Amino acid sequence: MRDFCKIIVLLLFVSTCAAAQVRVKDVARLSGAEGVSVIGYGLVIGLDRTGDSQKSLFTNQSLANLLERFGIAVDGDKVRSKNVAAVMVTADVPAFARSGGQFDVTVSSLGDAKSLQGGILLQTTLTDLNGTVWATASGALIIGGFSIETDQVSVRENHPLVGRIPSGGVLKRDLRVGLEDNNRLTFMLNNGDFTTVENMANAINAALGPGLATAVDAKSVTVDVPIEFAMPSKIVNFIAAVESVEFTPDVAAKVVINERTGTIIIGRKVSLSPVAVSHGALSITVKAAPVVSQALPFAPGGKTVQEQIQEVLVEQRDTGVVALPGASTVGDVATALNRLGLSPRDIIAIFQALKQAGALQAELIII
């Protein structure tokens with residue numbers, strides 16, 4: 001319990017620090033420079049009697065078709081091999097890949113095989129959703145686990161029905177990207193936010209020249225390419241310069257809760273409105289008191305200003321009272337709750353109640 005409280009306090013400390021600057025390439029991607037997802041159906045051979053059973057009719061039929069290509073006629077209904085498994089092969093071909101380039105592929109069991117350990121994927125054609133052939137895949141599988149079964153004992157480690165083949169895919173055609181327009185580039189944010197795109201556009205203009213970048217919507221920023229870079233031999237240099245620009249992204253106020261593990265993540269800009277909460281033997285009060293600031297006598301342009309000073313008061317029976325003066329934030333409340341030694345479940349329940357009461361000025365996400 002104490003370790004959990006320390007973790008929560010640490011997260012709150014980190015979240016209240018000033019937001020660090022990030023590079024454009026870390027939060028955005030160049031539009032038109034996407035890769036392609038490919039998929040294929042294949043057979044894994046060389047298994048030690050851990051392949052698909054006779055019930056997997058598609059495996060038997062695939063094996064019969066494969067043998068027929070080599071001049072061996074067999075009846076698919078009579079195939080009894082347990083050393084073969086039908087699999088689906090998936091991969092993401094990276095952008096700008098060229099013919100002959102290699103990439104990793106993932107192999108997943110399709111039938112009722114017990115394990116793919118020790119298997120070798122036969123050459124498999126990989127296509128996109130339109131049926132266009134992009135690559136082939138083959139090679140020995142790497143499995144992050146194992147499965148051993150006897151008549152009376154069964155031992156399994158991790159998941160032996162999914163494996164990877166490093167550099168198992170070979171591209172058969174160039175992957176062209178949409179950068180034919182050398183006069184304007186579009187960068188798409190991974191997480192859309194109007195303030196973030198505005199900050200990003202301003203940072204690009206300050207670093208590379210005024211008027212180059214324009215925030216179009218919550219996710220995209222267009223950047224005009226200067227004349228001296230508007231050619232295939234120079235455009236890469238300009239893209240690299242844009243991706244290296246640093247700026248400060250804006251983050252929405254969020255509280256993320258995982259009830260299964262008792263994890264609570266609190267964003268930097270989360271705040272509370274005046275409210276009072278009672279939870280079991282616990283009482284929490286957040287109140288605001290007006291404070292008047294009087295200008296000095298005869299001060300030129302002096303004004304009387306009234307401000308609201310918020311205070312958090314947390315009380316629990318048999319534990320005394322914990323008071324936190326100053327601006328009220330979720331961090332103040334969480335710190336007070338940690339001092340009282342409440343369980344993660346109690347803290348989660350309090351945050352949920354604060355949100356329902358409209359006092360939690362943040363988006364509450366429960367995963």
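Read-outs throughout are calculated quantities, based only on the coordinates presented, and are distinct from any laboratory measurement. Note that the structure is a prediction, hence the values are computed from the model and not measured. Glycine gets a Cβ as well: all are built from the backbone with ideal geometry, and neighbour counts include every protein chain shown.
Which peptide among 344-352, 208-216 comes first, and what is the full order, when sorted by highest mean count of other Cβ atoms within 10 Å?
Ranking, from highest mean packing down: 344-352, 208-216.
Say the cut-off is 24 Å between C-alpha atoms; which of Lys114/Lys172; Lys55/Lys172; Lys25/Lys219; Lys219/Lys254; Lys172/Lys234; Lys82/Lys172 go over it?
Beyond 24 Å: Lys114/Lys172; Lys55/Lys172; Lys172/Lys234; Lys82/Lys172.
Placing +1 on the Cβ of each Lys and Arg and -1 on the Cβ of each Asp and Glu in segment 36-171, which of Phe58, Val162, Gly101 has its Cα farthest towards the positive end of the resulting dipole?
Comparing the listed Cα positions along the dipole, Gly101 ranks first.
List the equivalent ellipsoid semi-axes of segment 36-171 in whole Å, largest first, each obtained as the square root of 5λ for an eigenvalue λ of the Cα gyration tensor.
26, 20, 11
Once phi is turned into ³J(HN,Hα) by the Karplus curve 6.51 cos²θ - 1.76 cosθ + 1.60 with θ = phi - 60°, what whole-Hz value does each residue of segment 185-192 show in order, with x for glycine and proline?
Whole-Hz 3J(HN,Hα) from phi for segment 185-192: 10, 10, 10, 9, 6, 5, 10, x.
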